[in-house]
Each structure stands twice: as C-alpha cells, then as structure tokens.
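See structure below.
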Amino acid sequence: MTFHVDHTEHDVGIFVTEQEVADVLGCSPVERAVLIIEECAHPSFKPRLREYLDDARGQDNHIPHDVDRAMEWPG
C-alpha cells in the first residue's frame, strides 16, 4: 500500500528486487500482490504481507487494501 503513486499498476509489468523477479503482466490486482509478495518481498516480511493481503481480501474490493492498517506500519 502506498499513499503516493507515481505510476499506476498498469504502468509496471515487472518487478525486480534483490530477492527475485515478478512478472505481473496481465495479472489481476490480487494476483499481482501475491506474485510480488512471493517473488520479491524479503523473507522476513512475507508472513506479515500475506496476512495483510488475506485480511484485506475479506473486504471484497477490486483492489484489496486497508488504509488504516497500512498507516500503522513503520515507514
């Protein structure tokens, strides 16, 4: 979750980090999130990111997010 966006999800198709590469071209927002978490997130953050996504998906939005919870995370 970000509070300032320079690029929309339609502008970025491949994420490259020191962990791995995630090709998210043609994926839905949830599919993109899963791939980014599994392929690009640091292993110490994956459980917390998975939990956040699972909880946010319960809101049944096209792009699952919980702004209040996301703001609680350290910057």
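Every number in this text was worked out from the coordinates using simple rules, so none of it is lab data. What you see is a predicted model; the values in this text were computed from it and never measured.
In whole Hz, what ³J(HN,Hα) sequence does the stretch 43-51 give by Karplus (6.51, -1.76, 1.60; θ = phi - 60°), x for Gly and Pro?
Here the 3J(HN,Hα) series is x, 6, 9, 4, x, 5, 5, 4, 4 Hz.
Once you keep just the Cα pairs under 8 angstrom separated by 6 or more residues, what percentage relative contact order results for the stretch 14-72? Don't skip to the answer; put the middle values down first.
Numbers: 50 pairs, mean separation 15.4, N = 59.
Across the stretch 14-72, relative contact order equals 26 percent.
So between Asp11 and His62, what do we pick up on full extension, going 0.36 nm a residue minus the alpha carbon distance?
Details: separation 51, 0.36 × 51 = 18.36 nm, distance 1.77 nm.
So the extension gain works out to 16.6 nm.
According to the square roots a ≥ b ≥ c of the eigenvalues of the Cα gyration tensor, what is the shape class of the stretch 14-72, taking rounded for a/c under 1.5, prolate for a/b larger than b/c otherwise, and oblate for the remainder? Write out the running numbers ahead of the final one.
Numbers: a/c = 2.37, a/b = 1.32, b/c = 1.80.
The shape class here is oblate.
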